[in-house]
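Heads up: the structure comes next, in C-alpha coordinates.
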Amino acid sequence: MPLVNVFGSKGRLVLSALLVCAVIFELAYCQKDAPKQRPTAGRKTKPSKPKPEKSTNEGSKAGTAKPKIKSTAAAHAQASLTQVLNRGKFKKVGETISVQTGDTLELRCRGKPVKWSVPSYLEEDDDGRLRTVQHERYGVLTLVNSTGADTGEYACYPMYCEDTDCRKEYDKAVKVFVFFPDPQELFVPSADYYEVIQLRTNWPTVLPCQVTSPGAKVTLHREFPPVEVAVDGTEISFNVKKGFTIHRPRPHHAGALYCVASLGNLRQSSTKYMLIYVNYPMAPPAPVIQASSGSVVVGENLRVGCTVMGEQDVAVEFTWEYPGQQIGRPLYTQESVSPVGGGAARQQSQSVLLVDEVRSVDQGTYTCTAQNLQGAKSVSATVKVVPKAKPKKP
Ligand SMILES: *[C@@H]1O[C@H](CO)[C@@H](O)[C@H](O)[C@H]1NC(C)=O
(Lines give C-alpha, C1' and ligand atoms only; values in the text may rest on other atoms or scores of the structure.)
Protein backbone atom coordinates (compact mmCIF):
# COMPACT_ATOMS: atom_id res chain seq x y z
CA MET A 1 0.00 0.00 0.00
CA PRO A 2 1.37 3.35 -0.97
CA LEU A 3 1.23 4.84 2.53
CA VAL A 4 3.74 2.43 3.92
CA ASN A 5 6.60 2.41 1.55
CA VAL A 6 7.88 4.94 -0.87
CA PHE A 7 10.42 3.40 -3.12
CA GLY A 8 11.32 3.07 -6.74
CA SER A 9 13.11 5.56 -8.91
CA LYS A 10 12.61 9.27 -8.50
CA GLY A 11 9.79 9.19 -11.04
CA ARG A 12 8.11 6.51 -9.04
CA LEU A 13 8.68 8.50 -5.90
CA VAL A 14 6.66 11.32 -7.40
CA LEU A 15 3.99 8.88 -8.53
CA SER A 16 3.81 7.34 -5.08
CA ALA A 17 3.44 10.80 -3.60
CA LEU A 18 0.52 11.44 -5.93
CA LEU A 19 -1.07 8.14 -4.97
CA VAL A 20 -0.61 8.98 -1.33
CA CYS A 21 -2.26 12.33 -1.89
CA ALA A 22 -5.16 10.64 -3.66
CA VAL A 23 -5.56 8.30 -0.72
CA ILE A 24 -5.32 11.18 1.72
CA PHE A 25 -7.93 13.05 -0.23
CA GLU A 26 -10.26 10.13 0.03
CA LEU A 27 -9.62 9.60 3.70
CA ALA A 28 -10.18 13.26 4.32
CA TYR A 29 -13.57 13.28 2.69
CA CYS A 30 -14.92 9.80 3.50
CA GLN A 31 -14.42 10.32 7.19
CA LYS A 32 -17.80 10.98 8.81
CA ASP A 33 -16.89 12.02 12.31
CA ALA A 34 -13.94 14.00 11.11
CA PRO A 35 -11.97 15.96 13.66
CA LYS A 36 -13.49 19.31 14.39
CA GLN A 37 -11.67 22.08 12.59
CA ARG A 38 -11.98 25.78 12.56
CA PRO A 39 -9.86 26.75 9.62
CA THR A 40 -10.79 30.37 10.03
CA ALA A 41 -9.16 30.39 13.42
CA GLY A 42 -6.13 28.58 12.06
CA ARG A 43 -2.70 29.94 12.57
CA LYS A 44 -1.96 30.11 8.88
CA THR A 45 -5.23 31.55 7.62
CA LYS A 46 -5.08 34.87 9.33
CA PRO A 47 -5.18 37.60 6.74
CA SER A 48 -1.68 38.88 6.52
CA LYS A 49 -1.58 42.59 6.81
CA PRO A 50 1.21 44.65 5.36
CA LYS A 51 4.05 44.44 7.80
CA PRO A 52 5.56 47.43 9.47
CA GLU A 53 9.21 47.85 8.65
CA LYS A 54 10.89 44.68 9.80
CA SER A 55 14.13 46.33 10.70
CA THR A 56 12.52 48.08 13.63
CA ASN A 57 10.70 44.97 14.69
CA GLU A 58 12.49 44.61 17.92
CA GLY A 59 13.57 46.82 20.73
CA SER A 60 12.58 50.15 19.33
CA LYS A 61 9.33 48.95 17.82
CA ALA A 62 7.16 51.03 20.08
CA GLY A 63 9.41 53.96 19.41
CA THR A 64 9.59 54.90 23.05
CA ALA A 65 12.98 53.76 24.26
CA LYS A 66 16.03 53.37 22.13
CA PRO A 67 18.27 50.54 23.14
CA LYS A 68 21.51 51.78 24.59
CA ILE A 69 24.26 49.99 22.85
CA LYS A 70 27.45 49.91 24.80
CA SER A 71 30.14 47.44 25.46
CA THR A 72 29.65 46.72 29.09
CA ALA A 73 30.32 43.86 31.41
CA ALA A 74 26.72 44.16 32.53
CA ALA A 75 25.62 42.91 29.15
CA HIS A 76 26.98 39.54 30.21
CA ALA A 77 24.75 39.35 33.25
CA GLN A 78 22.43 36.38 33.35
CA ALA A 79 19.08 37.29 31.89
CA SER A 80 15.96 36.51 33.82
CA LEU A 81 12.30 36.49 32.94
CA THR A 82 9.55 37.91 35.07
CA GLN A 83 5.85 37.86 34.43
CA VAL A 84 4.10 41.12 35.20
CA LEU A 85 0.76 40.35 36.82
CA ASN A 86 -2.15 42.67 37.52
CA ARG A 87 -1.65 45.55 39.91
CA GLY A 88 2.05 45.68 39.24
CA LYS A 89 2.87 42.35 40.86
CA PHE A 90 5.89 40.48 39.51
CA LYS A 91 6.48 36.79 39.39
CA LYS A 92 9.62 34.99 38.30
CA VAL A 93 8.64 32.44 35.68
CA GLY A 94 9.40 28.75 35.68
CA GLU A 95 9.41 26.47 32.66
CA THR A 96 5.75 26.99 31.87
CA ILE A 97 3.04 29.48 32.70
CA SER A 98 -0.64 29.69 31.86
CA VAL A 99 -2.42 32.88 30.88
CA GLN A 100 -6.19 32.90 30.47
CA THR A 101 -7.27 33.45 26.86
CA GLY A 102 -8.15 37.09 26.28
CA ASP A 103 -5.79 38.27 29.01
CA THR A 104 -2.57 40.13 28.46
CA LEU A 105 0.80 38.42 28.66
CA GLU A 106 3.50 40.71 29.92
CA LEU A 107 7.06 39.52 30.33
CA ARG A 108 10.07 41.41 31.53
CA CYS A 109 13.57 40.35 30.76
CA ARG A 110 16.62 41.89 32.39
CA GLY A 111 19.32 42.97 29.98
CA LYS A 112 20.30 45.90 27.80
CA PRO A 113 19.34 45.31 25.18
CA VAL A 114 17.46 42.02 24.80
CA LYS A 115 15.86 40.32 21.83
CA TRP A 116 12.69 38.27 21.95
CA SER A 117 11.56 35.22 20.09
CA VAL A 118 7.90 34.23 19.93
CA PRO A 119 5.92 31.39 18.29
CA SER A 120 6.53 31.72 14.57
CA TYR A 121 2.89 32.36 13.73
CA LEU A 122 2.97 35.51 15.89
CA GLU A 123 6.13 36.68 14.18
CA GLU A 124 4.56 36.18 10.74
CA ASP A 125 1.11 37.63 11.37
CA ASP A 126 1.70 40.98 12.93
CA ASP A 127 -1.80 42.09 13.88
CA GLY A 128 -0.72 44.69 16.41
CA ARG A 129 -1.28 42.58 19.52
CA LEU A 130 2.40 42.04 20.20
CA ARG A 131 4.71 44.82 21.37
CA THR A 132 8.25 44.80 22.59
CA VAL A 133 9.86 47.77 24.28
CA GLN A 134 13.42 48.16 25.50
CA HIS A 135 13.92 50.11 28.70
CA GLU A 136 17.16 51.14 30.31
CA ARG A 137 17.76 47.85 32.13
CA TYR A 138 15.17 45.48 30.76
CA GLY A 139 13.00 44.61 27.82
CA VAL A 140 9.23 44.18 27.99
CA LEU A 141 7.07 41.98 25.80
CA THR A 142 3.33 42.58 25.81
CA LEU A 143 0.75 40.44 24.04
CA VAL A 144 -2.85 41.62 24.33
CA ASN A 145 -6.15 39.92 23.46
CA SER A 146 -4.46 36.53 23.63
CA THR A 147 -5.94 33.40 22.06
CA GLY A 148 -5.17 29.69 22.32
CA ALA A 149 -3.20 29.99 19.08
CA ASP A 150 -0.58 32.08 20.92
CA THR A 151 0.46 29.00 22.90
CA GLY A 152 4.15 28.29 22.49
CA GLU A 153 7.66 29.20 23.51
CA TYR A 154 8.63 32.77 24.35
CA ALA A 155 12.31 33.45 24.80
CA CYS A 156 14.51 36.37 25.66
CA TYR A 157 18.11 36.64 24.49
CA PRO A 158 20.46 39.10 26.10
CA MET A 159 22.55 40.87 23.49
CA TYR A 160 26.26 41.21 23.68
CA CYS A 161 27.30 44.46 22.08
CA GLU A 162 30.55 46.01 21.04
CA ASP A 163 29.96 49.55 19.84
CA THR A 164 27.04 49.14 17.45
CA ASP A 165 27.68 45.50 16.68
CA CYS A 166 25.36 43.24 18.65
CA ARG A 167 24.84 39.53 18.69
CA LYS A 168 22.48 37.23 20.51
CA GLU A 169 23.92 35.23 23.36
CA TYR A 170 22.14 31.99 22.62
CA ASP A 171 23.46 30.12 25.61
CA LYS A 172 22.07 32.78 27.95
CA ALA A 173 18.55 32.65 26.55
CA VAL A 174 15.72 32.38 29.04
CA LYS A 175 12.68 30.55 27.80
CA VAL A 176 9.18 30.07 29.03
CA PHE A 177 6.43 27.99 27.49
CA VAL A 178 3.15 29.88 27.71
CA PHE A 179 -0.20 28.09 27.58
CA PHE A 180 -3.30 30.08 26.80
CA PRO A 181 -6.04 27.66 27.90
CA ASP A 182 -9.01 28.13 25.62
CA PRO A 183 -12.29 26.85 27.03
CA GLN A 184 -13.47 25.98 23.51
CA GLU A 185 -10.29 24.79 21.81
CA LEU A 186 -8.12 22.18 23.46
CA PHE A 187 -5.72 22.09 20.51
CA VAL A 188 -3.87 25.03 19.09
CA PRO A 189 -5.89 25.59 15.92
CA SER A 190 -4.34 24.61 12.63
CA ALA A 191 -5.31 25.84 9.20
CA ASP A 192 -4.50 22.52 7.62
CA TYR A 193 -6.91 19.64 7.58
CA TYR A 194 -4.00 17.25 7.62
CA GLU A 195 -0.25 17.38 7.78
CA VAL A 196 2.03 15.03 5.88
CA ILE A 197 5.02 13.94 7.93
CA GLN A 198 7.93 11.86 6.68
CA LEU A 199 9.04 9.07 8.92
CA ARG A 200 12.70 8.53 8.24
CA THR A 201 14.41 5.40 9.33
CA ASN A 202 15.87 6.01 12.76
CA TRP A 203 15.17 9.74 12.85
CA PRO A 204 12.92 10.96 15.65
CA THR A 205 9.60 12.21 14.29
CA VAL A 206 7.37 14.67 16.13
CA LEU A 207 3.59 14.86 15.87
CA PRO A 208 3.12 18.37 17.21
CA CYS A 209 -0.44 18.11 18.49
CA GLN A 210 -0.06 21.14 20.71
CA VAL A 211 -2.65 21.63 23.43
CA THR A 212 -3.63 25.00 24.84
CA SER A 213 -4.07 23.67 28.40
CA PRO A 214 -1.26 21.98 30.29
CA GLY A 215 -3.86 19.92 32.14
CA ALA A 216 -5.37 18.32 29.03
CA LYS A 217 -4.97 14.56 28.78
CA VAL A 218 -3.66 13.70 25.32
CA THR A 219 -3.81 10.33 23.62
CA LEU A 220 -2.62 9.15 20.22
CA HIS A 221 -4.92 7.31 17.81
CA ARG A 222 -4.68 5.44 14.55
CA GLU A 223 -7.48 5.89 12.06
CA PHE A 224 -7.44 2.51 10.29
CA PRO A 225 -7.87 0.28 12.11
CA PRO A 226 -9.25 2.65 14.75
CA VAL A 227 -7.11 1.99 17.79
CA GLU A 228 -5.37 3.97 20.47
CA VAL A 229 -1.62 3.86 19.98
CA ALA A 230 0.34 2.73 23.01
CA VAL A 231 2.64 5.44 24.34
CA ASP A 232 5.27 3.68 26.39
CA GLY A 233 7.69 6.56 26.84
CA THR A 234 10.47 4.70 25.03
CA GLU A 235 9.33 3.95 21.48
CA ILE A 236 6.81 6.80 21.58
CA SER A 237 6.80 9.51 24.22
CA PHE A 238 4.66 12.54 24.99
CA ASN A 239 5.68 15.99 26.12
CA VAL A 240 3.01 18.63 26.69
CA LYS A 241 5.27 21.30 25.11
CA LYS A 242 6.23 19.27 22.03
CA GLY A 243 3.63 16.62 21.31
CA PHE A 244 4.34 12.97 20.55
CA THR A 245 7.79 11.81 19.48
CA ILE A 246 8.33 8.54 17.63
CA HIS A 247 11.94 7.91 18.51
CA ARG A 248 12.98 5.26 16.00
CA PRO A 249 10.44 5.18 13.16
CA ARG A 250 9.72 1.81 11.56
CA PRO A 251 7.37 1.00 8.67
CA HIS A 252 4.57 -0.08 11.04
CA HIS A 253 4.33 3.47 12.41
CA ALA A 254 3.10 4.76 9.04
CA GLY A 255 -0.53 5.66 8.39
CA ALA A 256 -3.11 8.23 9.45
CA LEU A 257 -2.82 9.29 13.09
CA TYR A 258 -4.41 12.00 15.20
CA CYS A 259 -4.42 13.09 18.81
CA VAL A 260 -7.36 13.34 21.17
CA ALA A 261 -7.33 15.77 24.08
CA SER A 262 -9.76 15.66 26.96
CA LEU A 263 -10.27 18.10 29.78
CA GLY A 264 -13.39 18.16 31.94
CA ASN A 265 -16.36 17.45 29.68
CA LEU A 266 -14.47 18.50 26.57
CA ARG A 267 -12.98 15.95 24.20
CA GLN A 268 -11.50 17.03 20.87
CA SER A 269 -9.46 15.62 18.01
CA SER A 270 -6.41 17.25 16.54
CA THR A 271 -5.55 17.79 12.93
CA LYS A 272 -4.65 14.58 11.13
CA TYR A 273 -1.06 13.49 10.59
CA MET A 274 -0.33 11.38 7.53
CA LEU A 275 2.85 9.52 8.36
CA ILE A 276 4.74 8.27 5.35
CA TYR A 277 7.60 5.93 5.93
CA VAL A 278 10.72 6.58 3.90
CA ASN A 279 13.48 4.06 3.94
CA TYR A 280 16.37 6.35 4.52
CA PRO A 281 19.70 4.94 3.35
CA MET A 282 22.76 4.89 5.57
CA ALA A 283 25.08 6.19 2.87
CA PRO A 284 25.20 7.39 -0.75
CA PRO A 285 25.27 4.59 -3.33
CA ALA A 286 28.55 3.06 -4.53
CA PRO A 287 27.99 2.26 -8.22
CA VAL A 288 30.15 -0.07 -10.30
CA ILE A 289 30.27 0.40 -14.08
CA GLN A 290 31.12 -2.20 -16.68
CA ALA A 291 30.98 -2.06 -20.49
CA SER A 292 30.31 -5.26 -22.42
CA SER A 293 33.61 -4.56 -24.12
CA GLY A 294 36.25 -1.86 -23.97
CA SER A 295 36.60 -1.95 -27.72
CA VAL A 296 33.61 -2.29 -30.04
CA VAL A 297 33.52 -2.73 -33.79
CA VAL A 298 31.33 -0.31 -35.75
CA GLY A 299 27.89 -1.83 -36.25
CA GLU A 300 28.00 -4.08 -33.23
CA ASN A 301 25.90 -3.53 -30.10
CA LEU A 302 27.26 -2.13 -26.83
CA ARG A 303 25.88 -2.51 -23.31
CA VAL A 304 27.16 -0.48 -20.38
CA GLY A 305 25.94 -1.65 -16.99
CA CYS A 306 25.86 0.39 -13.79
CA THR A 307 25.20 -1.59 -10.64
CA VAL A 308 24.57 -0.59 -7.03
CA MET A 309 24.41 -3.01 -4.14
CA GLY A 310 22.41 -1.39 -1.37
CA GLU A 311 19.87 -1.64 1.39
CA GLN A 312 16.49 -3.10 0.59
CA ASP A 313 13.71 -0.71 -0.44
CA VAL A 314 16.09 2.21 -0.86
CA ALA A 315 15.43 3.88 -4.20
CA VAL A 316 18.42 4.54 -6.44
CA GLU A 317 18.14 6.87 -9.40
CA PHE A 318 20.52 6.52 -12.35
CA THR A 319 21.54 9.16 -14.87
CA TRP A 320 23.90 8.73 -17.80
CA GLU A 321 26.33 10.86 -19.75
CA TYR A 322 27.69 9.44 -22.99
CA PRO A 323 29.59 10.56 -26.09
CA GLY A 324 26.65 10.55 -28.52
CA GLN A 325 24.59 12.81 -26.21
CA GLN A 326 25.69 16.06 -27.89
CA ILE A 327 24.37 15.03 -31.26
CA GLY A 328 21.19 13.58 -29.79
CA ARG A 329 22.00 9.94 -30.34
CA PRO A 330 18.95 8.08 -29.04
CA LEU A 331 20.17 5.50 -26.58
CA TYR A 332 17.97 3.69 -24.16
CA THR A 333 18.30 2.20 -20.71
CA GLN A 334 16.87 -0.78 -18.90
CA GLU A 335 16.50 -0.55 -15.15
CA SER A 336 15.95 -3.35 -12.71
CA VAL A 337 15.94 -4.06 -9.00
CA SER A 338 16.49 -7.52 -7.65
CA PRO A 339 16.83 -8.90 -4.13
CA VAL A 340 20.13 -10.37 -3.10
CA GLY A 341 20.20 -13.69 -1.29
CA GLY A 342 21.29 -13.93 2.31
CA GLY A 343 19.79 -12.51 5.46
CA ALA A 344 21.22 -9.00 5.13
CA ALA A 345 18.14 -7.53 3.35
CA ARG A 346 20.08 -6.07 0.48
CA GLN A 347 19.16 -5.44 -3.12
CA GLN A 348 20.90 -4.87 -6.41
CA SER A 349 19.77 -1.92 -8.52
CA GLN A 350 21.00 -1.79 -12.06
CA SER A 351 20.75 0.47 -15.09
CA VAL A 352 21.97 -0.81 -18.44
CA LEU A 353 22.65 1.64 -21.25
CA LEU A 354 22.15 0.02 -24.64
CA VAL A 355 23.82 1.26 -27.81
CA ASP A 356 22.59 -0.47 -30.95
CA GLU A 357 24.85 -0.55 -33.98
CA VAL A 358 27.76 1.43 -32.64
CA ARG A 359 29.09 4.32 -34.73
CA SER A 360 32.33 6.23 -34.41
CA VAL A 361 30.54 9.02 -32.46
CA ASP A 362 29.93 6.50 -29.67
CA GLN A 363 33.60 6.36 -28.79
CA GLY A 364 34.56 8.01 -25.49
CA THR A 365 33.62 8.13 -21.82
CA TYR A 366 30.40 6.71 -20.41
CA THR A 367 29.51 8.08 -16.98
CA CYS A 368 26.82 6.71 -14.70
CA THR A 369 25.61 8.68 -11.69
CA ALA A 370 23.72 6.82 -8.99
CA GLN A 371 21.76 8.81 -6.44
CA ASN A 372 19.77 8.02 -3.33
CA LEU A 373 18.40 10.26 -0.56
CA GLN A 374 21.85 10.51 1.02
CA GLY A 375 23.81 11.61 -2.05
CA ALA A 376 25.21 10.74 -5.43
CA LYS A 377 28.32 9.10 -6.86
CA SER A 378 29.57 8.85 -10.46
CA VAL A 379 31.66 6.22 -12.17
CA SER A 380 33.03 6.15 -15.72
CA ALA A 381 34.21 3.69 -18.34
CA THR A 382 35.88 4.40 -21.70
CA VAL A 383 34.88 2.64 -24.85
CA LYS A 384 36.92 2.54 -28.06
CA VAL A 385 35.19 2.12 -31.41
CA VAL A 386 37.20 0.33 -34.09
CA PRO A 387 36.43 0.26 -37.80
CA LYS A 388 35.02 -2.88 -39.36
CA ALA A 389 37.53 -5.32 -40.72
CA LYS A 390 37.54 -5.30 -44.52
CA PRO A 391 34.93 -7.72 -45.81
CA LYS A 392 36.46 -10.82 -47.27
CA LYS A 393 36.29 -11.00 -51.01
CA PRO A 394 33.84 -13.61 -52.21
C1 LIG B 1 -8.21 44.07 21.92
O2 LIG B 1 -9.58 43.83 22.05
C3 LIG B 1 -10.35 45.01 22.27
C4 LIG B 1 -11.77 44.60 22.58
O5 LIG B 1 -12.25 43.69 21.63
C6 LIG B 1 -10.23 45.93 21.07
O7 LIG B 1 -10.97 47.11 21.27
C8 LIG B 1 -8.78 46.26 20.85
O9 LIG B 1 -8.63 47.02 19.67
C10 LIG B 1 -7.94 44.99 20.72
N11 LIG B 1 -6.54 45.37 20.68
C12 LIG B 1 -5.69 44.94 19.72
C13 LIG B 1 -4.33 45.49 19.76
O14 LIG B 1 -6.02 44.13 18.88
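Per-structure values
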{"item": "Residue among 296, 304 that alone is touching a residue at least 60 places away in the same chain (Cβ under 8 Å) and either in contact with a Phe, Trp or Tyr (Cβ under 7 Å, 6 or more places away or on another chain) or of a type in the set (Gly, Ala, Ser) (or both)", "result": "304"}
{"item": "Sole residue being surrounded by fewer than 17 Cβ atoms within 10 Å (Cβ to Cβ) and not assigned by TED's automatic domain parsing to the domain that holds residue 203, chosen from 316, 361, 304, 296", "result": "361"}
{"item": "Test result for residue 154, farther than 23 Å from residue 89 by Cα and not assigned by TED's automatic domain parsing to the domain that holds residue 239", "result": "no"}
{"item": "Strands (runs of 3 or more DSSP E) wholly inside the range 110-208 that include at least 1 residues being at pLDDT 85 or above, within 16 Å of the ligand (Cβ to nearest atom) and among the hydrophobic types (A, V, I, L, M, F, W, C)", "result": "130-134, 138-143"}
{"item": "Test for residue 211: is it away from the ligand (no atom under 16 Å from the Cβ), in contact with a Lys or Arg (Cβ under 7 Å, 6 or more places away or on another chain), assigned by TED's automatic domain parsing to the domain that holds residue 268 and of a type in the set (Val, Ile, Thr)", "result": "no"}
{"item": "All positions within the range 262-293 that are basic (Lys, Arg) and either at pLDDT below 90 or surrounded by fewer than 18 Cβ atoms within 10 Å (Cβ to Cβ) (or both)", "result": "267"}
{"item": "Yes/no for residue 337 being crowded, with 19+ Cβ neighbours inside 10 Å and modelled with pLDDT of 90 or more", "result": "no"}
{"item": "Residue within the range 218-237 that is within 27 Å of residue 141 (Cα to Cα) and outside any strand (DSSP E or B) present", "result": "no"}
{"item": "Given (1) in a strand (DSSP E or B); (2) out of contact with any Ser or Thr (no Cβ under 9 Å at 6 or more places or on another chain), number of the condition residue 286 does not satisfy", "result": "(1)"}
{"item": "The range 341-358, residues that are surrounded by fewer than 18 Cβ atoms within 10 Å (Cβ to Cβ) and not in a strand (DSSP E or B)", "result": "341, 342, 343, 344, 345, 356, 357"}
{"item": "Contacts under 9 angstrom Cβ, first residue in the range 125-142 being within 13 Å of residue 84 (Cβ to Cβ) and touching a residue at least 12 places away in the same chain (Cβ under 8 Å), partner of a type in the set (Ser, Thr, Tyr) and crowded, with 17+ Cβ neighbours inside 10 Å, 6 or more apart", "result": "138/82; 139/132; 140/132; 141/132; 141/154; 142/132"}
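Residue-by-condition table, conditions (1) touching a His at 6+ places or on another chain (Cβ under 9 Å); (2) surrounded by fewer than 13 Cβ atoms within 10 Å (Cβ to Cβ):
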position: 199; (1), (2): yes, no
position: 203; (1), (2): no, no
position: 209; (1), (2): no, no
position: 213; (1), (2): no, no
position: 216; (1), (2): no, no
position: 222; (1), (2): no, no
position: 232; (1), (2): no, yes
position: 235; (1), (2): yes, no
position: 253; (1), (2): no, no
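For every residue, the table says whether it meets (1) in contact (Cβ under 8 Å) with a residue 24 or more places away in the chain; (2) under 24 Å from the mean Cα position of the chain (by Cα).
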{"position": "174", "(1), (2)": "yes, no"}
{"position": "186", "(1), (2)": "yes, no"}
{"position": "205", "(1), (2)": "yes, yes"}
{"position": "228", "(1), (2)": "no, no"}
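The values are calculated or read from the model by the stated rules, or taken from the named source; none is laboratory data. Remember, it's a predicted structure, so these values are computed and weren't measured experimentally. For neighbour counting, all protein chains shown are included, and Cβ atoms are generated from backbone atoms with ideal geometry for every residue, glycine included.
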